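These notes concern the structure reproduced below.
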Amino acid sequence: MPLCQPQCPRHRVLVRFGASCSAILLLASSAAAQRAVLVGTVSAEGGVPLAAAQIGVSRAGVGAGGTVSDDEGRFVLSVPAGEYRLDVARIGFAPAFRTVRAAAGDTVRVNFVLAGRSAQIAGVTVTGQRRRTVSATRTEQALLDIPQAIQVLGQDVLRQQAVIDMKDAVRNVANINFTGTYNGGYQYFSSRGFFMSNVSNFRRNGQMLPNFGQNYADNIESIEILKGPAGILYGDVTPGGIINVTTKQPLSSRQGRLELRTGNYGLVRPSLDITGPIDRDGKVRGRFVSSYEQAGSFRDRVESNALLIAPSLQWEPRDGTKWTVEASVRNDERVGDPGVISPDGTVAGLFTLPRSRFLGEPDATYGYTDRFASSTLEQRLPGGWSLRHVAGATDQSRTPRNLYLGAVNDGVVSRTQYFFHQDRRQYMSSIDLLGKARTGALTHQLLVGADWMDHTSRTGRFAEGRLAGGINLFEPTYEQVDYLPVPTEMDQSALLTRRFGAYVQDQVSFADERVHVLLGARFNHFRMGDRYDNPAVRPADAADVVERPISPRVGVVLKPRPWLATYASFAESYEVNGFDWIDPTVAVPPTFGRQLEVGVKGELFGNRLGATLSAFRIGKSDVYGWGNYSAANPAPTPEDADRGWFTYAGAEHRSEGVELDLNGRLTERLSIVASAALTDATVVRDPVYATGNVLSNTPRESASVWAHYRVGGALSGLDLGTGLFYKGAFYGTDDNDADGRVPANHTIDVSTGYRWRGYHAQINVSNLTDRTSFLGGFGLWEPQWPRRIVVSLSTLF
């Protein structure tokens, strides 16, 4: 049964969304009629478009705003009628200016061709290792000066590859692996061999983002990935790294983008992005981003619907003060996909099944809603200091109607239903003081701050039971089952997690900033426990988990050249394991991670290509896990035998390897993003798994390369892209069963696009050669996408 019938509420939502888009466009057109629009392009000699050119607008010697050219060299400015001077500047090119007169309602086109010059202008570029990631790193330093491997995926790559979910974005970064989904509802990732916690390793503008839904959305400006322990910045996180998404912010120039993406398997995804000043003097700016997605899948009966609405406002009442308020609502519902099970228990047996084989039910869905609001107040202080306060609230709810696959018997797979509802709410606040100070020959880049978060999770009572009859693995039939009702009664207690941290960091530089020494530490106070609606029913033996670890960070950066840096760093982090899964009255000790990392960063070929080569070693101690009882390890009691599994703590795992990340524009026409990793993630000591076993879902080798070329001359406006994404063989579980080893695989993607004036058409084909691959483990596997085509049509206004 389809998710959306003609008169269903989601159909009405789509109709309202379309009507809202139309109304917004009409209002924008009406407002534009009272003003003039300046449009144009910035290019080098020979017609090559220039991105990131600064366009300043002045009237009678007084500044009237400005903007920056996009990846195609285009710009759009909305101004009151009158005469203006436009000044254009870009690093590496001679500046230029033009004077124009525009009447009300006019659209005036002004194109600039900048002459190149041999001398490079001193300055900071916005790509490669000179990029700054304030929301993720909480500092205003260039990546070149930070002793840690950090990568940023910007709008250029996301649009070139027509990215529509997180897994397709992070495959461009070394050692970030997509490892599967939770019944198709949300995605799992690992970094440097270690699973990334869905509770604490994902961030939105630096604030915690619980990863229980499809977190990629059209209001994302960039994706920042901090590899290795981030305990000093964020407290309790797994040591592999952090994925931080930054949202689109209001701009000072009026512009809009309307786009439609469509493709095979029923994909329809319209989106709208409008931004610009709201008041006359441009001190108040706004942005509105919205999108709707309806899609099928290569999997039989699997469909999805998603809606996003994301408004934001920014106010600069005076120079040095900026206040940004933003919000978003995301609704997502999709058919739950439990994956497949091998007919003979081996990975080889999976290839005998069609990739489309679906063993769930079309009305067993995963529903998810995320409501988010935040306030960011930034104030520049005298002496180069600044103060930033961020407050936010997130309200999430999800209703998984899960079907889990069991054993295969004569081609019939048993299934268990597991339904529940969960509400998650969190409130966050942080304050940072940043600045520079000098003591003699030393320059100090200081960060002092604190953050606090309350997270409450309340779950409805579970509905669990075996579905009668099972499903035939080879000839499945659907909609012939009786479900237990999803419980509507919520638990009378909620799990409260309270985090507080205070941190200080000083990066000292000397010798003309050729040497940097970083010292930092964070004090953490973590508390977790149940809060009962009626305290009188609280069990007498109930207790909170309380942890107060200190997370240190030490690093050194040596810069023999302004464009080249070598670094070494040591960092720690911790994970709170909370209460035991079997006996919830027992608190499990935290797991600690310690990393040593060395590397080289550079801006090569005249700052055109950013490069990071890093080597790391991460140790995890007091790892918490579970295992199954067996003949070699029998259950000590009948109760344990009925349960069939046990928990343990005290294991030790280790990951070490080498990574290479490249990104930049080799020429004005050719850009590239590439990565490679060689990783050994193994068991050091574990009561269940043998020493030396490889950690699950971690390939020893992985690599990617994406190249994008803008054609010039008579074919100007045409652009081409192609990429190769390789993942080596890996095991689905830590026991390294040979039957659970997934062979190496690679996919090839291609794209072709054409730009004409304000219009753009693009075709992306992923997995061009239609290769088959799987993810998963513990007997359950997820087929990955076959060949897929996405067509994008967009216009700027």
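Below are the figures for this structure:
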{"item": "FRET efficiency estimate (nearest 0.05) - Cβ-Cβ, Arg700 to Leu387, R0 60 angstrom", "result": "0.85"}
{"item": "The chain, accessible area per residue, ligands and nucleic acids excluded (1.4 Å, Å²)", "result": "42"}
{"item": "Those aspartates and glutamates that a straight Cα-Cα span of less than 14 Å connects to Lys283, excepting residues fewer than 8 apart in one chain", "result": "Glu316, Asp319"}
{"item": "Whether the stretch 399-447 is rounded, prolate or oblate, judged on the alpha carbon gyration tensor where a/c under 1.5 counts as rounded", "result": "oblate"}
{"item": "Label-point separation, Leu558 to Arg466 (7 Å along Cα→Cβ), nm", "result": "6.6"}
{"item": "Orientation-averaged projected area, Cα convex hull of the stretch 486-543 (nm²)", "result": "7.9"}
{"item": "Rough spin-label spacing in nm, given labels placed 7 Å along Cα→Cβ, for Thr262 and Arg643", "result": "5.4"}
{"item": "Qualifying aspartates and glutamates (Cα of each under 12 Å from Cα of Lys727; at least 8 residues distant if same chain)", "result": "Glu701"}
{"item": "Globularity index of the stretch 139-230, i.e. its alpha-carbon radius of gyration over 2.2 N^0.38 Å", "result": "1.07"}
{"item": "Residues of the stretch 385-417 with amide N under 19 Å of a point placed 7 Å along Cα→Cβ from Glu475", "result": "408-414"}
{"item": "Excluding exposed DSSP-loop GluC sites (Glu not before Pro) (at most 11 other C-beta within 10 Å), longest clean stretch of the chain", "result": "46-478"}
{"item": "Mean separation of Cα contacts under 8 Å (6+ apart) over length of the chain, as relative contact order %", "result": "10"}
{"item": "The chain: calculated mean residue ellipticity at 222 nm from DSSP helix runs of at least 4, using -39500 (n - 2.57)", "result": "-2000 deg cm²/dmol"}
{"item": "Estimated dipole of the stretch 253-369 in Debye, rounded to 20 [Cβ of Lys and Arg +1, of Asp and Glu -1, Cα centre]", "result": "480"}
{"item": "Cα long-axis angle, helix 9-33 against the chain (0 to 90 degrees, to the nearest 10)", "result": "10"}
{"item": "Ellipsoid semi-axes in whole angstrom, largest first, where each is sqrt(5λ) of the Cα gyration tensor of the stretch 288-351", "result": "46, 15, 8"}
{"item": "Nearby lysines by direct alpha-carbon distance to Lys559 (threshold 25 angstrom, same-chain neighbours under 8 apart not counted)", "result": "Lys227, Lys436, Lys601"}
{"item": "Amide H contacts of Ala174 (H built 1.01 Å from N, under 5 Å, at least 5 apart or other chain)", "result": "Ala676"}
{"item": "In Hz, Karplus ³J(HN,Hα) per residue of the stretch 663-671 (6.51, -1.76, 1.60; θ = phi - 60°; x = Gly, Pro)", "result": "7, x, 10, 5, 9, 5, 10, 10, 10"}
{"item": "Convex hull projection area averaged over all views, the stretch 513-574, Cα basis, nm²", "result": "6.6"}
{"item": "Beta bridges by DSSP in the chain, antiparallel share as percent, to the nearest 5", "result": "95"}
{"item": "Computed over the stretch 507-582: relative contact order in percent, which uses C-alpha pairs under 8 Å that are six or more apart", "result": "31"}
{"item": "Sulfur and carbon atoms: percent of accessible area, the chain [1.4 Å]", "result": "58"}
{"item": "Among Ala174, Ile763, Tyr292 the positive-end extreme of the charge dipole of the chain (Cβ point charges)", "result": "Ile763"}
{"item": "Farthest toward positive dipole pole in the chain [+1 Lys/Arg, -1 Asp/Glu at C-beta], among Ser397, Ile789, Val412", "result": "Ile789"}
{"item": "FRET efficiency, 1/(1 + (r/R0)^6) with R0 45 Å, evaluated for Val546 and Val515 via beta carbons", "result": "0.65"}
{"item": "Sites Thr107 and Leu715, calculated FRET efficiency, Cβ-Cβ separation with R0 35 Å, nearest 0.05", "result": "0.85"}
{"item": "Cα Rg over Rh - the stretch 612-694, Kirkwood", "result": "1.30"}
{"item": "Listed residue (Phe202, Phe526, Ile146) projecting farthest to the positive dipole end of the chain, Cβ model", "result": "Ile146"}
{"item": "Kirkwood-based Rg to Rh ratio, the stretch 501-627, C-alpha trace", "result": "1.18"}
{"item": "Dipole in debye (nearest 20) - the chain, about Cα centre, beta carbon charges: Lys, Arg +1; Asp, Glu -1", "result": "3240"}
{"item": "Debye log10 I(q)/I(0) for the chain, one point scatterer per Cα, at q = 0.07, 0.08 Å⁻¹", "result": "-0.55, -0.72"}
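The values are calculated or read from the model by the stated rules, or taken from the named source; none is laboratory data. This is a predicted model, so every value here is computed, not measured. Methodologically, a virtual Cβ is constructed for each residue, glycine included, from the backbone with ideal geometry; neighbour enumeration extends over all protein chains shown. Ligands, DNA and RNA are excluded from the accessible area calculation, which covers all protein heavy atoms including side chains. Shrake-Rupley method; radii C 1.70, N 1.55, O 1.52, S 1.80 Å.
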